[in-house]
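Participant: So that we are looking at the same thing, I have put the structure below in structure tokens.
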Amino acid sequence: MSEYRFHLQKYRPGSKTTCPNCGKSRCFVRYIDEQGSISFPGNVGKCDHENSCGYHYTPKEYFKDNPDVLEMDEGSGKSLLSAPYKTADKTPSCIAPSYIPSSYVLRSLSHYSINPLYQYFCHVFGENEASRLFEMYRIGTSSKWGGATVFWQTDINGQVRTGKVMCYNAETGHRVKEPQAFVSWAHSELKLQDFHLKQCLYGEHLLKNSSSPVMLVESEKTAVVMSHFSPIIYGWQQVERTVVSTVKLCRFSKAGRLLSSLI
């Protein structure tokens, strides 16, 4: 038996399915429960096309999005959120990152009247503050799902690595998760050829001209919201759980800029 309770299903003929994000067949590997007590839905897994698609929905994210599934493990008494899971082994690549053309980014920095998250921010913070935060973090609007929010990952040099596309509820400010997890990636939606994805910290562009401490949080929306409540800390960053983010996290820690982590 594997030491990991939750892990990607081992390959066997016919085990790979269609990716729920990019729609390509025979490239999606699902997560399984080693104990056999939990059957994950078909969107919990990882796409083989890491550069062109990048879809990866882990068991931990699934449990957070579906708190009703959370139960205590009778054997260990530990929450399922703390159960170990194994992702595919990753080898750092030396391939130069690809960038999203600026024309796509600039085109998205508008149409906020159909952007549910912007509408929610206007209701909570006021229109002026909502506009300031959206401009500060370069948040865009996508035509996907009728006005989804685009969190552009802009690196410290001002280059856009990709954009995380998510659908929100204008009244609650929460993500729309039914009947599916409405999450996609700009580089996948744009179908850019030979795109080499190398993610950066969300909000990294804010660090270029600042020596302020850095605070790390788990979601893009949290980083933006905390910039309203604690503007003195200039570097509110969101971290994707990737090798790239880990390297950058270590770099900031050694430089003495990592004040704390909330993840």
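The values are calculated or read from the model by the stated rules, or taken from the named source; none is laboratory data. Note that the structure is predicted; figures quoted are calculated from it, not measured. Ideal geometry is used to build each Cβ from the backbone, glycine not excepted, and the neighbour counts take in all protein chains shown.
Participant: When the residues of segment 12-27 are filtered to those that are hydroxyl-bearing (S, T, Y) and under 17 Å from V44 (Cβ atoms), which remaining residue is modelled with the lowest pLDDT?
Facilitator: Among those that are hydroxyl-bearing (S, T, Y) and under 17 Å from V44 (Cβ atoms), it is S15.
Participant: Then there's this: How many residues does segment 19-40 contain that are in a loop (DSSP other than H, G, I, E, B) and surrounded by 14 or more Cβ atoms within 10 Å (Cβ to Cβ)?
Facilitator: 9
Participant: Here's a follow-up. Could you list all residues from segment 167-184 that are surrounded by 20 or more Cβ atoms within 10 Å (Cβ to Cβ) and in contact with a Leu (Cβ under 8 Å, 6 or more places away or on another chain)?
Facilitator: Once the filter is applied, which keeps residues that are surrounded by 20 or more Cβ atoms within 10 Å (Cβ to Cβ) and in contact with a Leu (Cβ under 8 Å, 6 or more places away or on another chain), segment 167-184 yields only Y168.
Participant: Please go through segment 162-174 and give me each residue that is touching a Lys or Arg at 6+ places or on another chain (Cβ under 8 Å), under 17 Å from N21 (Cβ atoms) and either among the small types (G, A, S) or assigned to a strand (DSSP E or B) (or both), ordered by number.
Facilitator: Answer for segment 162-174, where residues must be touching a Lys or Arg at 6+ places or on another chain (Cβ under 8 Å), under 17 Å from N21 (Cβ atoms) and either among the small types (G, A, S) or assigned to a strand (DSSP E or B) (or both): V165, M166.
Participant: Let me ask something else. Going by the conditions given, is K177 more than 18 Å from C47 (Cβ to Cβ) and part of a loop (DSSP other than H, G, I, E, B)?
Facilitator: Criteria met by K177.
Participant: Among the residues of segment 1-50, which ones are among the polar types (S, T, N, Q) and in contact with a Ser or Thr (Cβ under 8 Å, 6 or more places away or on another chain)?
Facilitator: If the condition is that a residue be among the polar types (S, T, N, Q) and in contact with a Ser or Thr (Cβ under 8 Å, 6 or more places away or on another chain), then Q9, T17, T18, N21, S25 are the ones that fit.
Participant: Just to verify a result, which residue in segment 122-159, among those that are aliphatic (A, V, I, L, M) and buried (at least 22 other Cβ atoms within 10 Å of the Cβ), is farthest from V224 (Cα to Cα)?
Facilitator: A148
Participant: Still on this structure, I have one more. Report yes if some residue within segment 192-201 is outside any loop (DSSP other than H, G, I, E, B), farther than 19 Å from K64 by Cβ and of a type outside the set (K, R); otherwise report no.
Facilitator: no
Participant: Is it the case that L106 is in contact (Cβ under 8 Å) with a residue 60 or more places away in the chain, in a helix (DSSP H, G or I) and on the phi < 0 side of the Ramachandran plot?
Facilitator: The answer is no for L106.
Participant: Is it true that A83 is at pLDDT below 80, among the hydrophobic types (A, V, I, L, M, F, W, C) and surrounded by fewer than 18 Cβ atoms within 10 Å (Cβ to Cβ)?
Facilitator: Spelling it out, it is not the case that A83 is at pLDDT below 80, among the hydrophobic types (A, V, I, L, M, F, W, C) and surrounded by fewer than 18 Cβ atoms within 10 Å (Cβ to Cβ).
Participant: Within segment 153-160, does at least one residue satisfy the condition of being in contact (Cβ under 8 Å) with a residue 12 or more places away in the chain, under 18 Å from C53 (Cβ atoms), in contact with a Lys or Arg (Cβ under 7 Å, 6 or more places away or on another chain) and not in a helix (DSSP H, G or I)?
Facilitator: Looking through segment 153-160, at least one residue is in contact (Cβ under 8 Å) with a residue 12 or more places away in the chain, under 18 Å from C53 (Cβ atoms), in contact with a Lys or Arg (Cβ under 7 Å, 6 or more places away or on another chain) and not in a helix (DSSP H, G or I).
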